[in-house]
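The values are calculated or read from the model by the stated rules, or taken from the named source; none is laboratory data. Here the structure is a predicted model, which is why all the values come from computation and not from measurement. Every residue, glycine as well, gets a Cβ built from its backbone with ideal geometry; the counts of neighbours run over all protein chains shown. Just so you know, the surface numbers come from the protein's heavy atoms only, side chains and all, with ligands and any DNA or RNA stripped out. Shrake-Rupley method; radii C 1.70, N 1.55, O 1.52, S 1.80 Å.
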Amino acid sequence: MIRNTCLWLCSLLSIAAGAETAFENERARWLETAERSKPQLHYRTVKPVAVVTAVKDSSAYQGWRYEKTGEPAELYADNFNRRMTVTLDFGEHLVGYCSFHIKELTLRQDAPVRLKFTFGEVPAELNVPLDPWRGSLNRAWMQDEVVTVTDVGSAIRIARRVAFRYLKIELMGHSSWDFAIDSISTVAQSSASGVKTALQPACPDLVRRINDVGITTLHECMQTVYEDGPKRDRRLWVGDLYLESLANRYAFKDNLITKRCLYLFAALATKGGVVISNCFETPQPHAQEISVCLTYSLLWNSTLLEYLIDTDDRTTANDLWPVALKQVEAALAYVGDDGLFDRPRCPLWLFFDWRDGLDVATPMQGATIFALQQTYELARRLGRENEVKSYPALIRKMKTAARRHFYNSKRGVAESGPDRQVSVLGQTWLIKSGVLTKQEGAMAIRTALATKECVIPGTPYATHYLIDAMLLCGMKQEARDYLTAYWGGMVEKGADTYWEAYDPKDDFISPYGFHAVNSACHAWGCTPVYFIHRYPEVFQR
Ligand code: RAM
């Protein structure tokens, strides 16, 4: 719902962008550069490892788990006309195309066979009723496909690319002849190259497992762009790109895909030059035009800066520099003479987390200051400070305004909005932007976390910024404890890959009204890989 309102408002903005198209002469070339930077996919064939049976168990994640009850070979010899249903476990999360055979048993085929294949990333997805549909996103995101087999013998490939570990097959109606399902396999794909990192020998086992699950998550999301989730939304989002590129710096060091994504977003910006929050590759590269999210537009600048740091590719950074300037310009349009980002005046989507009720006035003030700082740093590295001469004074002004307006020095905590809401993200963004000193920041985080009504993050995405802020404030032990409890919590609950939304106290949290449509392999969860490697003294000791 929030998303729809924002989309509508954003469309108004793009109309208001005026007749002139920003970067008109560059866009075609930028798209070509994006195309040339498309990474190769690597493939491997994976077979199921077990036949499993679902067990309803209130202590299991979302109430369901699987138990091994047989071998795939038994299924391949069995009359499916009698068995009617089976669930297979592939033993790991996969992204790719599944195929199978049908073989005749007693009689010859005299009619088609109709089968339903349901793919799931986590057990609950295959065991809760999907209909009547209760999610706020499209029912079609669920990975259930009906396949009609007219010819036995040949391999049948299911047309849809799926993301899953578990596969349920059901016979839809009794068949007039006996058959067995045979030779099920999946050609799994990813553009990630080999893992290029190792942990210190002393690294604790739980941290090792957290890191491994993060690397798998990133691996699965790295296709020909950084996807947010290979089940859903299967596309490139700026916020996810930013965190994926930070983890990739250590995990695979594949920089080409980052370059591709930066160019795609630049080429597909609004007429006015604002980077749109998400885009698709097919059938032609295109952005979700009506979805401008200012926080994400600004993070595109940070991604470009981090890319430059990783690669020293000044050609790309200089080529895309005008786009960075535009993003800051777009945000500054809402900053008043008082140095405050005017939240009520800004019709754009300001995404920080999916947690209901989060007030974003304070986080946005911090995010704008941070973007100014990051863009200034980009300019410095490119020798272009003269183009952003006004930034340092503006940063100072916005910081002063932030302290005056949002920081409650008596309580030692940042507040946000008319109700003076205390949220974790209000603290983290004032820390990231240097509005609060290290000591103030540490105190603010501790105060917020100890406040009963504090709004805490509901996604790994938002939790990333909390860990980041803790480390900036020198809260090493707390950062380690929080990271190992949060991501370790998912690992302990059986995560093969990190989940889109996670609240240790609520396994059913969902931004979309129904947990089954959540993505259980979501790129923005991979961020421990970044922290564990960037701060080995904190996490690997
Ligand atoms: C969702 C996806 C994506 C995220 C946006 C804001 O649709 O989960 O990852 O970036 O929201």
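Using only protein heavy atoms and a 1.4 Å probe, report how much of T270 is accessible, in Å² to the nearest 10.
10
Would you work out which of A188, T53, Y530 lies farthest towards the positive end of the dipole of the chain, given +1 charges on the beta-carbon of Lys and Arg and -1 on that of Asp and Glu, about the Cα centre?
The residue sitting most towards the positive pole is Y530.
Past the 25 Å Cα-Cα mark, which pairs from K253/K438; K438/K493; K397/K432; K103/K168; K253/K493; K47/K116?
As for pairs spanning more than 25 Å Cα to Cα, those are K253/K438; K438/K493; K253/K493.
Counting only protein heavy atoms and using a 1.4 Å probe, what share of the accessible area of the chain belongs to carbon plus sulfur, as a whole percent?
Carbon plus sulfur share of accessible area: 52 percent.
In whole Hz, with x marking every Gly and Pro, tabulate ³J(HN,Hα) for segment 141-152 from phi via Karplus 6.51 cos²θ - 1.76 cosθ + 1.60, θ = phi - 60°.
For segment 141-152, the Karplus curve yields 5, 5, 9, 10, 10, 9, 10, 10, 9, 9, 10, 6 Hz.
On a C-alpha basis, how far is the centre of segment 103-156 from the centre of segment 381-441 in Å? Whole number, if you could?
When both Cα centres are located, 52 Å separates them.
With a 1.4 Å probe and all protein chains left in place, how much accessible area per residue does the chain have, in Å²?
That works out to 40 Å² per residue.
When the chain is fully extended, how far beyond the present Cα-Cα distance does D503 get from A73, taking 0.36 nm per residue of separation?
Roughly 150.9 nm would be gained on extension.
All other residues with a Cβ under 13 Å from the Cβ of G70 taken together, and with Lys, Arg as +1 and Asp, Glu as -1, what is their net charge?
-3
Among N138, C221, G153, whose Cα projects farthest towards the positive end of the dipole of segment 127-250, with charges put on the beta-carbon of Lys, Arg (+1) and Asp, Glu (-1)?
C221
What does the charge count near L425 come to, summing +1 for each Lys or Arg and -1 for each Asp or Glu among other residues with Cβ under 11 Å from its Cβ?
In short, 0.
Evaluate the Debye formula for the chain with equal point scatterers sitting on the alpha carbons, no solvent, and hand back log10 of I(q)/I(0) at q = 0.08, 0.10 Å⁻¹, in q order, two decimals.
-0.55, -0.84
For Cα pairs less than 8 Å apart in space and 6+ apart in sequence, what is the mean separation divided by the residue count of segment 342-484, i.e. the relative contact order in percent?
In percent, rounded to a whole number, it is 27.
What ranking of K505, K253 comes out by heavy-atom accessible area, probe 1.4 Å, highest first?
K505, K253
Using only Cα atoms, tell me the angle between helix 294-311 and the longest principal axis of the chain; keep it within 0 to 90° and round to the nearest 10.
Tilt of helix 294-311: around 90 degrees.
Got the relative contact order for segment 262-364 handy, in percent, Cα pairs under 8 Å and 6 or more residues apart?
About 25 percent, as a whole number.
Once you list every other residue whose beta carbon is under 11 Å from the beta carbon of K476, what net charge do they have if Lys and Arg are +1 and Asp and Glu are -1?
With Lys, Arg at +1 and Asp, Glu at -1, the net is -1.
Full-extension gain between T315 and R381, please, as 0.36 nm times their residue separation minus the C-alpha to C-alpha distance.
The span from T315 to R381 would gain 22.5 nm if fully extended.
Report, in deg cm²/dmol and to the nearest 500, the calculated mean residue ellipticity at 222 nm for the chain, where each DSSP H run with n ≥ 4 adds -39500 (n - 2.57) and the sum is divided by the residue count.
That calculation yields -12500 deg cm²/dmol at 222 nm.
For helix 361-382, what angle does its Cα long axis make with the longest principal axis of the chain, in degrees from 0 to 90 and rounded to 10?
For 361-382 against the chain, the angle is about 80 degrees.
Would you rank D312, D178 by solvent-accessible area, highest first, keeping every protein chain in place and using a 1.4 Å probe?
D312, D178
When only DSSP loop residues count, what GluC sites (Glu not before Pro) in segment 437-541 have their Cβ near at most 16 other Cβ atoms within 10 Å?
In loop regions of segment 437-541 (DSSP not H, G, I, E or B), the sparsely surrounded GluC sites (Glu not before Pro) are E453.
Using only Cα atoms, find the angle between the long axis of helix 438-450 and the longest principal axis of the chain, and express it within 0 to 90 degrees, rounded to the nearest 10.
Between helix and principal axis, roughly 50 degrees.
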